[in-house]
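Here the structure is laid out as structure tokens; the discussion comes afterwards.
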Number of protein chains: 2
Amino acid sequence: MATIQDIANRANVSKSTVSRVLNKSSVVENGKREAVIRAMEALDYRPSVIAQSLAGGKSMTIGIVTQNIGSPFTDTIAQGVISGLAGTGYSPIFVDGQWQQSAESEVIRTLLGRNVDGLVLIGGHIPTEDINKLRTQLPTIAIARELDGWDSQCIHVDNEDAGFRATKHLLDFGHRDIAMICGIKEHPDASNRFKGYSRALAAAGIIPSSELVYQGDFSAQSGVLAVNSWLASGTHFSAIFAANDMVAFGARLALHRHGIRVPDDVSIIGFDDQAESAFMTPPLTTMRQPAAEMGAAGAAAITQLIAGESPELPELAIELQIRESVARLR
Amino acid sequence: MATIQDIANRANVSKSTVSRVLNKSSVVENGKREAVIRAMEALDYRPSVIAQSLAGGKSMTIGIVTQNIGSPFTDTIAQGVISGLAGTGYSPIFVDGQWQQSAESEVIRTLLGRNVDGLVLIGGHIPTEDINKLRTQLPTIAIARELDGWDSQCIHVDNEDAGFRATKHLLDFGHRDIAMICGIKEHPDASNRFKGYSRALAAAGIIPSSELVYQGDFSAQSGVLAVNSWLASGTHFSAIFAANDMVAFGARLALHRHGIRVPDDVSIIGFDDQAESAFMTPPLTTMRQPAAEMGAAGAAAITQLIAGESPELPELAIELQIRESVARLR
DNA sequence: GAACAATATGAAACCGGTTTCATTCGCCGC
DNA sequence: GCGGCGAATGAAACCGGTTTCATATTGTTC
């Protein structure tokens, strides 16, 4: 590979001059500039990002910390970030936060060692204190995670409100005995959705029954377990609010196994609107999270943040996606 | 951040010595070694990967080229690579091949500019010639793609055989009018699956009817279109072989809309076994691709290749995952 | 005890850029 | 016509490591 020195030799100028035309950091006489450009083309020159990083202190690299790898929602966000970063000159490097117990130890080590220019945190359970520490060292954007006093650097959506609206949708259709299958207990999104559920019931004058809430874990399997346990205990419900679409799939299957029709006998509403949901039988009514958009917004925000601008975060909202899994209570 | 020079000063040795204990590249007297180690701990030293890259020529970075971002299958492979690379010291950097038309132009530019030590190609349609060019420059592993004369660097599974077995499974259950919804025409996996389908029919003495094969594109939507078109034209079929699970979901929904039962009236077999498939109603019989394993194998292989060893590729097979969407023809 | 081999270590060059600093040159005004 | 100033450019230092090479030190052998 040609180096900057090769270019300099060929164009009969110094390294410095080549660097100048490369970065437009200073005026260069026209003749020399052209000579340099010709030389670069002739030698198919491409600067070494590595060397630029070392000299310039910038690595043109952004660390992406994933935790819930395998979850359709966070994976979609990650894809949004990748494509959002394409063409910006920044390359995403991925770190799996799950791999090491302590985020502090390995993740931060690799990221700082690699001089990443910025950090994008996707969801996850990295302790807040660690994040705050990171944040002081690097431009950081968190996606799908709320952090106190951080509004301008968090891309998140209002899960509590969405939980409320999901439940309200069910209430509007006449349902009273609304069961909920919760997500991972410690997960803020999960608890916010549950809070919205509780608030909606309360607002409708319904006393939430603890029998109707099942502590799941965002997996489809937890959806079938929830339904089975309610059915076994004879608990009555006419609608289910699932913490996410995977859970809804599980619940839907369990109902099917017991000969319970959806939505005729029981309605289901999900959360996420993953690609498969539109093709469930029946197509799943769900709260659509704009995952890809969140990822893209995160990509845009981090580059702005690095550039010293204050990022402008788009208004992203969770929207009720009405399909066919919810019916009026007969 | 502490540099190697800081350590050297604190331990009263030279940079060279510090570098030696760091890489164990040469023997260092015990006393000094310990002094160095103490100094490193005291200063919380972490070497700059950037500087190491520049000096050593290695970047400890592996380029991952994705193309079909959004496809459950390739995404799962990518996740497998990420987690397979965790803890190896190599970091994956992602490039979205789709972004630029010509693979040559941008992708290769960024990758070479970043001095990646190796390349992992996931699926995709990068022209073979470009790949061959790349391959001469860098250790390269291709996942989910066959390339002539490259066996030791391709992690792929036998799609033709799997297509054969899927079709045979349907035949074994008494089906004769077996429809197929194909994937993207140009995609080798798609055409191999179709070849297997044709071969199985031929082996059973059935003349494949062109009306029974629908040219889809791996999307769920193409699944519904296929079914609708057959139904509209009055084409008879008792089983469907879908190019992947998404297509199967679409087909299943379309059948549902027409009141056709699965598997009682029509059987469906899919391909991939993505997470949702086990929770389709009814759970989908499908050809399971070991996507995560392929990704992990790719990660292992690329590190071996870089180390100069010849990679040992595990035997990965597509397995028939029998569930409930295929029934004996009544 | 002297000559020589083996071993540990430091100085310096190098990787490929950026950036500071000094120098040269041309142009301006008085 | 000369001093002064700004613009263009090159030399050199620097980023943080690795690696070569030379040197100092120790140990071995006869």
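The values are calculated or read from the model by the stated rules, or taken from the named source; none is laboratory data. Just so it is clear, the structure is predicted and the values come from calculations on it, not from any experiment. In this analysis, Cβ positions are derived from the backbone assuming ideal geometry, glycine residues included, and neighbour counts consider all displayed protein chains. Each accessible area value is taken on the protein alone, full model and side chains, heavy atoms only, with ligands, DNA and RNA left out. Shrake-Rupley method; radii C 1.70, N 1.55, O 1.52, S 1.80 Å.
Listed values, structure above:
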{"quantity": "Inter-copy label distances at A:D130 (7 Å, Cα→Cβ; nm, one decimal)", "calculated": "3.7"}
{"quantity": "Length added when fully stretched, A:Q215-A:S152, from 0.36 nm per residue minus Cα-Cα", "calculated": "19.4 nm"}
{"quantity": "Anchor A:K195: lysines whose Cα lies under 25 Å away (excluding residues fewer than 8 positions away in-chain)", "calculated": "A:K168, A:K185"}
{"quantity": "Projected-area mean, chain A, by convex hull of Cα positions, square nanometres", "calculated": "20.3"}
{"quantity": "Of the GluC sites (Glu not before Pro) in the range A:153-257, those whose Cβ has at most 15 other Cβ within 10 Å and which sit in DSSP loop", "calculated": "A:E186"}
{"quantity": "Mean-position separation - Cα centroids, the range A:233-300 and the range A:53-94, in angstrom", "calculated": "29"}
{"quantity": "Antiparallel bridges, percent of DSSP beta bridges restricted to the protein assembly as shown (to nearest 5)", "calculated": "10"}
{"quantity": "Sparse-neighbour loop sites [GluC sites (Glu not before Pro); the range B:288-318; at most 12 other C-beta within 10 Å; DSSP]", "calculated": "B:E309, B:E312, B:E315"}
{"quantity": "Cα long-axis angle, helix A:159-172 against chain A (0 to 90 degrees, to the nearest 10)", "calculated": "30"}
{"quantity": "Per residue accessible area of the range B:4-47, 1.4 Å probe, in Å²", "calculated": "64"}
{"quantity": "Percent carbon-and-sulfur accessible area, chain A, ignoring ligands, DNA and RNA, probe 1.4 Å", "calculated": "50"}
{"quantity": "Under 15 Å from the Cα of B:K24 - aspartates and glutamates, other chains or at least 8 residues apart", "calculated": "B:E34"}
{"quantity": "FRET E, pair B:S229, A:S229, Förster distance 45 Å, beta-carbon r, rounded to 0.05", "calculated": "0.60"}
{"quantity": "Computed FRET value (nearest 0.05) for B:R257 with A:A2, which takes r as the C-beta separation and R₀ as 60 Å", "calculated": "0.45"}
{"quantity": "Amide H contacts of A:A239 (H built 1.01 Å from N, under 5 Å, at least 5 apart or other chain)", "calculated": "A:A179, A:S267"}
{"quantity": "Inter-copy separations for A:E29, label at 7 Å along Cα-Cβ, nm, ascending", "calculated": "5.7"}
{"quantity": "For the range A:4-47, the Rg and Dmax computed from alpha carbons only, in angstrom", "calculated": "8.9, 23"}
{"quantity": "Angle between chain A longest axis and helix A:188-203 axis [Cα atoms, degrees, rounded to 10]", "calculated": "40"}
{"quantity": "Chain B, dipole about Cα centre (Lys/Arg Cβ +1, Asp/Glu Cβ -1), debye to the nearest 20", "calculated": "580"}
{"quantity": "Other-copy label distances relative to A:T88, 7 angstrom Cα-Cβ extension, nm", "calculated": "2.7"}
{"quantity": "5 angstrom amide H check on B:I93, placed H, neighbours 5+ away", "calculated": "B:I62, B:G63, B:I64"}
{"quantity": "Residue-normalised accessible area of the range B:159-288, given per residue in Å² at a 1.4 Å probe", "calculated": "35"}
{"quantity": "Most positive-pole-ward Cα, B:V21, B:G31, B:V49, against dipole of the protein assembly as shown from beta carbon charges", "calculated": "B:G31"}
{"quantity": "Rel. contact order, % - alpha carbon contacts under 8 angstrom, at least six apart, chain A", "calculated": "17"}
{"quantity": "In the range B:215-273, trypsin sites (Lys or Arg not before Pro) in a DSSP loop with at most 16 other beta-carbon atoms within 10 Å", "calculated": "B:R261"}
{"quantity": "Contact order normalised by residue count of the range A:4-47, Cα under 8 Å, 6+ apart, percent", "calculated": "42"}
{"quantity": "Phi to ³J(HN,Hα) by Karplus 6.51 cos²θ - 1.76 cosθ + 1.60 over the range A:313-324, Hz, x for Gly, Pro", "calculated": "8, x, 7, 10, 10, 7, 10, 5, 9, 7, 10, 10"}
{"quantity": "Charge sum, other residues only, whose C-beta stays under 10 Å from A:M280's C-beta, Lys/Arg counted +1 and Asp/Glu -1", "calculated": "-1"}
{"quantity": "Value in Å of the Kirkwood radius, where the protein assembly as shown supplies the Cα pairs that are averaged", "calculated": "27.3"}
{"quantity": "Neighbourhood net charge (12 Å Cβ-Cβ; Lys/Arg +1, Asp/Glu -1) for A:D217", "calculated": "0"}
{"quantity": "Whole-Hz ³J(HN,Hα) from phi, Karplus 6.51 cos²θ - 1.76 cosθ + 1.60, for the range A:73-78, glycine and proline x", "calculated": "5, 5, 5, 5, 4, 4"}
{"quantity": "Accessible area buried between chains A and B, both sides summed, probe 1.4 Å, in Å² to nearest 100", "calculated": "4300"}
{"quantity": "Amide H contacts under 5 Å for B:H156, placed H, 5+ residues apart", "calculated": "B:A144"}
{"quantity": "Charged-residue dipole, Cβ positions (Lys, Arg, Asp, Glu), the range A:143-299 about Cα centre, Debye nearest 20", "calculated": "440"}
{"quantity": "Modelled FRET efficiency - R0 51 Å, B:E319 with A:S310, Cβ distances, 0.05 increments", "calculated": "0.45"}
{"quantity": "Cα-based helix-to-principal-axis angle, A:128-137 vs chain A, degrees rounded to 10", "calculated": "20"}
{"quantity": "Nearest-20 debye value, the protein assembly as shown charge dipole, Cβ charges on Lys, Arg, Asp, Glu", "calculated": "820"}
{"quantity": "Pairwise Cα inverse-distance average, inverted: Kirkwood Rh of the range B:252-328 (Å)", "calculated": "14.5"}
{"quantity": "Protection-proxy order for peptides B:295-307, A:12-24, each taking the mean of Cβ atoms within 10 Å per residue, highest first", "calculated": "B:295-307, A:12-24"}
{"quantity": "Sum of side-chain charges, B:E160 neighbourhood, beta-carbon under 9 Å (Lys, Arg +1; Asp, Glu -1)", "calculated": "+1"}
